[in-house]
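In what follows, a single structure is set out as structure tokens and then discussed.
The values are calculated or read from the model by the stated rules, or taken from the named source; none is laboratory data. Please read these numbers as outputs of a predicted model, since none were measured by experiment. Note that each Cβ is placed from the backbone with ideal geometry, even for glycine, and that neighbours are counted across all protein chains shown.
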Amino acid sequence: MTNSSAKENSVPVLGINSLGRIGKLTLWHHINRKYFKEIIVNQGRDIGVGMETIARLIEADATYGLLHRFLYGIKAQPCIQITDEKNGKMLIDGIPVTILREQRNPLNIPWRQYGADIVVDCSGSFKDPTIPADDKKGSIRGHLNGGAKAVIHSAPFKIKNKALATPDDTTTLIYGINHTAFNPKKHLLISAASCTTTGLAHMVKPLLDNEETSTILTASMSTIHAVTNTQSVLDKLPKAGEKDIRKTRSILNNIILTSTGAAKALAEVIPEVKNIGFMGDSIRVPTNTLSLIVLNATFQARNNDKAAAAGLDTKKLNEIYAKAAEDNPLVRFTMQQNVSTDLIGEDAAVIIEGQFNHTRTAFIPVDLSHIPNLPADLVKSLGEKMLQVPVVHAKIFGWYDNEYGSYTNRMGDLTVYIHKNIQ
């Protein structure tokens, strides 16, 4: 399809930069969805022996199986047809797909020529939105010069120069949380956050939306996370200056402790979280997808009597999430005894494991003499220096398919929403 015909017919055209894990699954999502009538994929280099190699890499996946079976079931037939080897064209389940193999720098990718108004950058290489479009190493802003009206980044933005603020045309959006904050007159660069932030946001929002759990005193989370391509298959030497050498250890047989920016990023999409002392960490385990968030939250109970304070018990907590699941199809609630492989490909931002959730009510002794700036006459009027504060501790478990089901599908929802609003 030429650029002129794309404009004349207003045919929705999607650009995808890079065929890595998320880039490939983004292609799968939109082939299945069929909102975009043409897809342009930029890889920027030759792959294998040509289009046959590329077609096979798109078709077969070690996690989700073969594309045609993923789309239509075990009896389905292959759905990729190479139509033009030289120009990188193929049909995938009836959708024209063009593979570009020449340019690596976003500035030089000809999105305008193909009528791609929106680009999803899945390269992981261009995380800093403050870098100018003409930077010789490339910048996510280069896609705008190439013709894109909006660019979605499949990871959190990271500004290297901490003295610089986030540019005004840049934002972080998660579909189902704050995607309606998109302003087509302002936002050109959009981060779809991370897979963990997506799952975590859909776990926290039902708590904040419920009066009884809306005031969280403190919270922490750990994600039991499947491996990613940032890790090593076998032990290797770290790069010069690398501080965390654990990611250079073999993913095949290790549990690896590492960090996550999910708790920090959560505050960007749910501002109320800024008032909570939120911590997060990640534990990498040797599975290929499907991760688990363990969310710990502490609430101030509403009564001084311990029995009465226990109103927020496990039953009530599960009712909150069951109701959230009724109102929001992106949240699932289950009382089944799941293991991780049961939920691979599940189309939900998070699946709450209700049977394993639990709460405890306790009294926390607070020494008033340790509270700064507390008026002395107030302490005197209380008649004691120690207060017993009733609190409820909750431990909440949420599964999420960190590759396709949770993250890529939600980014696909966001992509369609933004494209509809930039027209």
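When Ala265 is evaluated against the numbered criteria (1) buried (at least 21 other Cβ atoms within 10 Å of the Cβ); (2) small (Gly, Ala, Ser); (3) at pLDDT 95 or above, which criterion, by number, is the only one it fails? Ala265 satisfies all of (1) buried (at least 21 other Cβ atoms within 10 Å of the Cβ); (2) small (Gly, Ala, Ser); (3) at pLDDT 95 or above except (3). Inspection of the range 389-405 finds a residue satisfying the criterion of being farther than 22 Å from Val204 by Cα and touching a strand residue (DSSP E or B) at 6+ places or on another chain (Cβ under 9 Å). Among the residues of the range 90-97, are any under 30 Å from Asp169 (Cα atoms), surrounded by 17 or more Cβ atoms within 10 Å (Cβ to Cβ) and not hydrophobic (A, V, I, L, M, F, W, C)? No, the range 90-97 has no match at all. Just one of the listed residues (Gly44, Gly15, Gly50, Gly23) is under 18 Å from Asn409 (Cβ atoms) and of a type in the set (Gly, Ala, Ser), and it is Gly23. Tell me, yes or no, whether the range 142-157 has at least one residue that is out of contact with any Ser or Thr (no Cβ under 9 Å at 6 or more places or on another chain) and over 21 Å from Leu14 (Cα atoms). The answer is no; no qualifying residue exists.
When Ile371 is tested against the conditions (1) more than 29 Å from the chain's Cα centre (by Cα); (2) among the β-branched types (Val, Ile, Thr); (3) at pLDDT 95 or above, the lone failure is (3). Among the residues in the range 50-71, are any farther than 20 Å from Trp111 by Cα and modelled with pLDDT under 95? Yes: one or more hits.
Of the residues making up the range 237-250, those that are assigned to a helix (DSSP H, G or I) and modelled with pLDDT of 95 or more number 0. Only residues that are among the aliphatic types (A, V, I, L, M) and under 21 Å from the mean Cα position of the chain (by Cα) were counted in the range 238-260, giving 2. Among the residues of the range 94-104, is there at least one that is within 17 Å of Val416 (Cα to Cα) and of a type in the set (D, E, K, R)? No - not one qualifying residue is present in the range 94-104. Do we find a residue being touching a Gly at 6+ places or on another chain (Cβ under 8 Å), more than 30 Å from Val227 (Cβ to Cβ) and not assigned by TED's automatic domain parsing to the domain that holds Thr228 anywhere in the range 88-97? Checking the range 88-97: not a single residue is touching a Gly at 6+ places or on another chain (Cβ under 8 Å), more than 30 Å from Val227 (Cβ to Cβ) and not assigned by TED's automatic domain parsing to the domain that holds Thr228.
Somewhere in the range 379-388, is a residue touching a residue at least 24 places away in the same chain (Cβ under 8 Å) and closer than 19 Å to His202 by Cβ?
No.
Tallying residues that are in contact with a strand residue (DSSP E or B) (Cβ under 6 Å, 6 or more places away or on another chain) and among the polar types (S, T, N, Q) within the range 112-146 yields 1. Taking Ala297 as the residue in question, decide whether it is in contact with a Lys or Arg (Cβ under 7 Å, 6 or more places away or on another chain), surrounded by 14 or more Cβ atoms within 10 Å (Cβ to Cβ) and either part of a helix (DSSP H, G or I) or assigned by TED's automatic domain parsing to the domain that holds Val350 (or both). So Ala297 fails the test. Among the residues making up the range 268-283, a single one is at pLDDT 95 or above and either in a helix (DSSP H, G or I) or in contact with a Pro (Cβ under 9 Å, 6 or more places away or on another chain) (or both): Val269.
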